[in-house]
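Everything on this sheet refers to the single structure shown next.
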Amino acid sequence: MRKLVVVIMLVLSGGCLMAQHTADIGVQLAAATYWGDIEGVNYSKSVTPVVGVLGRWNFNKRLALRGQLFTGNLKAEGTFGDTFIGQSGVRSITGVYDIDPLNVYNFTRSFQSVEGLLEFNFRNYKLGNLKKETFTPFVAVGLGGFYSRSPRKGSFILDPDPLAFVPGDPTLIPPTLDGATAYFEAGQDDRVTNDHDVLTLTIPVGVGLKFNFTKRLGGLIELVVRKTFSDNIDNLDDPQRFKFDPAAPPTTFPDRVKSINNTDWYATLAFSLCWQLWNDKGNCALYDKLKR
């Protein structure tokens, strides 16, 4: 009998917990950055603005489920050594692309992402409380999707010109890594590594702080790092296949090899304003008693 009473009380208390559900909406402004295969990234030139919207369902004062949409740009500027790099829009007078002797590499991509995250608050928190439970640190983890159209600008890897490797022809200049006079054809449509769209899953993991301004308005500061399952955000899908080997100069690039380790990452530092859509203030004496 005692067990039955306990079960009934738990069911009733669960009903009272339902009365504690709240929902929020919000807008986000974030700074984004990338890391992947580009070397020596200049992060002072590689941070971009991102904007977004969010909706959050609060199960209780500790757990919440958030959905959000982001749109913006990712970019980076650095180097990628021992490769034949060309810059879009820059041709020599001979009609082919010169190798960049400094190995400068850059990209810019616009993107859109959608994510769902489960949040865990380290303290009891409820948007709208001004005297207690007004702030909390939290962690979040989830699953998302990332899409970016082909940028078709920035740096790209030049296809080797097979004629440059014909032995015994003094009119042809073999490729060299200092490369001032080494010429290569640009490839199809003048785009070699920056002509591919990106569609990939992401795993976002975040940490942040929630706090209240008024009875309806709250704020959120959050750092989210995302592992993607694409190696082409920086237009360098399986980059090792582009590396130059003086002992065996390639005439074509090997096919790319997909690997879970060949992936790019990006992160955002976001500030959000959240507005409480509704708040059920129903009291439950049984639930309050059980909490004690």
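The values are calculated or read from the model by the stated rules, or taken from the named source; none is laboratory data. Since this is a predicted model, take the numbers as computed values, not measurements. Counting neighbours? That spans all protein chains shown, and the Cβs are built from the backbone with ideal geometry, glycine included.
Descriptive notes on the structure:
- Residues that are more than 22 Å from S150 (Cβ to Cβ) and not in a strand (DSSP E or B) within the stretch 196-228 comprise F213, T214, K215, R216, listed in sequence order.
- Any hit, the stretch 123-142, residues being in a strand (DSSP E or B) and hydroxyl-bearing (S, T, Y): yes
- Scan of the stretch 73-103 for residues that are assigned to a strand (DSSP E or B), at pLDDT 90 or above and buried (at least 19 other Cβ atoms within 10 Å of the Cβ), ordered by number: L74, K75, A76, E77, G78
Quick grid of which residues meet (1) of a type in the set (S, T, N, Q); (2) at pLDDT below 65; (3) surrounded by 13 or more Cβ atoms within 10 Å (Cβ to Cβ):
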{"residue": "R191", "(1), (2), (3)": "no, no, yes"}
{"residue": "T202", "(1), (2), (3)": "yes, no, yes"}
{"residue": "L217", "(1), (2), (3)": "no, no, yes"}
{"residue": "S230", "(1), (2), (3)": "yes, no, yes"}
{"residue": "A247", "(1), (2), (3)": "no, no, no"}
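- Reported count of residues in the stretch 35-67, each being of a type in the set (D, E) and either surrounded by fewer than 19 Cβ atoms within 10 Å (Cβ to Cβ) or in a strand (DSSP E or B) (or both), is 1.
- Test: residue in the stretch 111-118 that is within 15 Å of I38 (Cα to Cα) and of a type outside the set (G, A, S): no
- Among the residues of the stretch 85-143, the ones that are out of contact with any strand residue (DSSP E or B) (no Cβ under 7 Å at 6 or more places or on another chain), more than 14 Å from N212 (Cβ to Cβ) and in contact (Cβ under 8 Å) with a residue 12 or more places away in the chain come to 3 in all.
- Restricted to the stretch 18-34, and to residues there that are modelled with pLDDT under 90 and under 30 Å from L223 (Cβ atoms), the residue that is surrounded by the most Cβ atoms within 10 Å (Cβ to Cβ) is T22.
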